[in-house]
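Below: the structure, in structure tokens.
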Amino acid sequence: MRFADAYSGRNILVTGAGGYIGSALVKDLAGFSPRSLALLDSSEQNLFNLRMPNSILGSVEDQALLDEIFRRFRPEIVFHAAAHKHVELLERNPFAAARNNVLGTNTLVQEAIRHECRALVFVSTDKAVRPRSIMGATKRVAELLITSLSQPRCRMNAVRLCNVMGSTGSVVPIFKEQIARGLPLTVTDKSASRYFMPVEKAVEALLEAGASDRSGSIFLPDCGSPLSILQLAKTLMGDKVLPIEFIGLRAGEKISEDLGSPLDSRKLSHDECRRVVERISQAVAARNMDELLEAIASVVADYEHSLVFGR
């Protein structure tokens, strides 16, 4: 069985374990017979739905809890899938995006290093490339922390996934619900396109990164060619004839996404990592929007925000 040697008999921690990608990853990892499999999620319902032992209700922002988890389970490999991800919602809640996606990731990274975890895999997104949303920008900051703070004793890598087909809140289940109810299908723009991948391929990419000897890298799985959202809507309709409404791009959205950028190789010094985390932490605590944007822009120069916070 592929990857069995990498995960059999290992202590593994998955954050965001109850989410769409996290739960699929947990299912595969359980099949490799790890020594222990600790599952962390902030959603009570998602965690309950897993119905597995070692399920821990809590957040990656909770340093004391993470310390307890690392001391108790001694994870050798961590998969970090805990994130706030819904673009439009986060445009209206930017401090929550920064707190979870940046500060929570940094807290996990520091605990992994302190407890000499062997490897950490971060689930990122194509929206981190030339970001227009606070979600993408905070995920890009997290990528920089992961790749810049990676070290031989704790190898850390990011896997930049595109849209995972069928994931919660994504366009496919939205279209399917609209079709089932006989409602018009809402498409943002005639020219909108996105990359898609099945959840099985996403999990495979994460498992490959966890088994790799690489360090401080961004893995870019093959996502094929982008799909037209309009054509996707028509395909899902099949023989049904329903109206299509063009609703315009929502805050933080782009016409199309990119998978890579010349800036992907950029690394921050440890001092730069510390400073940007401190600035973001202070901005979140003070709910200072200008400072938050300036802090992010200090390391993500190509971020063009369209925040609707407070409107």
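The values are calculated or read from the model by the stated rules, or taken from the named source; none is laboratory data. The structure presented is a predicted model; accordingly, all values stated were derived computationally and were not measured. All Cβ positions, even for glycine, are placed from backbone atoms using ideal geometry, and neighbour counts span all protein chains on display.
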request  = Please state which of the following conditions GLU88 fails to meet, knowing it meets all the rest: (1) modelled with pLDDT under 95; (2) of a type in the set (Asp, Glu); (3) within 30 Å of ARG2 (Cα to Cα).
outcome  = (3)
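Of the residues in segment 213-240, how many are part of a loop (DSSP other than H, G, I, E, B), without any contact (Cβ under 8 Å) to a residue 60 or more places away in the chain and of a type in the set (Ser, Thr, Tyr)? Quick ask: steps written out before the conclusion?
Pass one, segment 213-240, residues part of a loop (DSSP other than H, G, I, E, B): 213-217, 220-226, 238-240.
Retained after the next criterion (residues that are without any contact (Cβ under 8 Å) to a residue 60 or more places away in the chain): 213-214, 222, 224-226, 238-239.
Now drop any that are not of a type in the set (Ser, Thr, Tyr), which leaves 225.
Qualifying residue count for the region: 1.
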ask   = Across segment 225-260, which residue is surrounded by the most Cβ atoms within 10 Å (Cβ to Cβ) among those that are under 20 Å from LYS176 (Cβ atoms) and touching a Pro at 6+ places or on another chain (Cβ under 9 Å)?
value = LEU242
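Being among the aliphatic types (A, V, I, L, M) and without any contact (Cβ under 8 Å) to a residue 60 or more places away in the chain is the filter here; which residues of segment 77-104 pass it? Steps first, answer last, please.
Just the residues of segment 77-104 that are among the aliphatic types (A, V, I, L, M), to begin with: 77-78, 81-83, 87, 89-90, 96-98, 102-103.
Listed by number, the residues that qualify are LEU89, ALA96, ALA97.
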request  = Name, by its number, the condition in (1) modelled with pLDDT of 95 or more; (2) assigned to a helix (DSSP H, G or I) that does not hold for ILE12.
outcome  = (2)
task = Among the residues of segment 15-42, write down those that are closer than 11 Å to PHE79 by Cα and part of a loop (DSSP other than H, G, I, E, B).
result = GLY16, ALA17
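For segment 276-295, name all the residues that are of a type outside the set (Asp, Glu), surrounded by 12 or more Cβ atoms within 10 Å (Cβ to Cβ) and part of a helix (DSSP H, G or I). Don't jump to the end; show me each part of the working.
Start the filter on segment 276-295 by keeping residues that are of a type outside the set (Asp, Glu), which leaves 276-277, 279-289, 292-293, 295.
After this cut, where a residue has to be surrounded by 12 or more Cβ atoms within 10 Å (Cβ to Cβ) as well, the list is 276-277, 279-284, 288-289, 292-293, 295.
Once the filter is applied, which keeps residues that are of a type outside the set (Asp, Glu), surrounded by 12 or more Cβ atoms within 10 Å (Cβ to Cβ) and part of a helix (DSSP H, G or I), segment 276-295 yields VAL276, VAL277, ARG279, ILE280, SER281, GLN282, ALA283, VAL284, MET289, LEU292, LEU293, ALA295.
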ask   = For segment 55-74, which residues satisfy the criterion of being in contact with a strand residue (DSSP E or B) (Cβ under 9 Å, 6 or more places away or on another chain), surrounded by 15 or more Cβ atoms within 10 Å (Cβ to Cβ) and either among the basic types (Lys, Arg) or farther than 28 Å from MET165 by Cβ (or both)?
value = ILE56, LEU57, GLY58, LEU65, LEU66, ILE69, PHE70, PHE73, ARG74
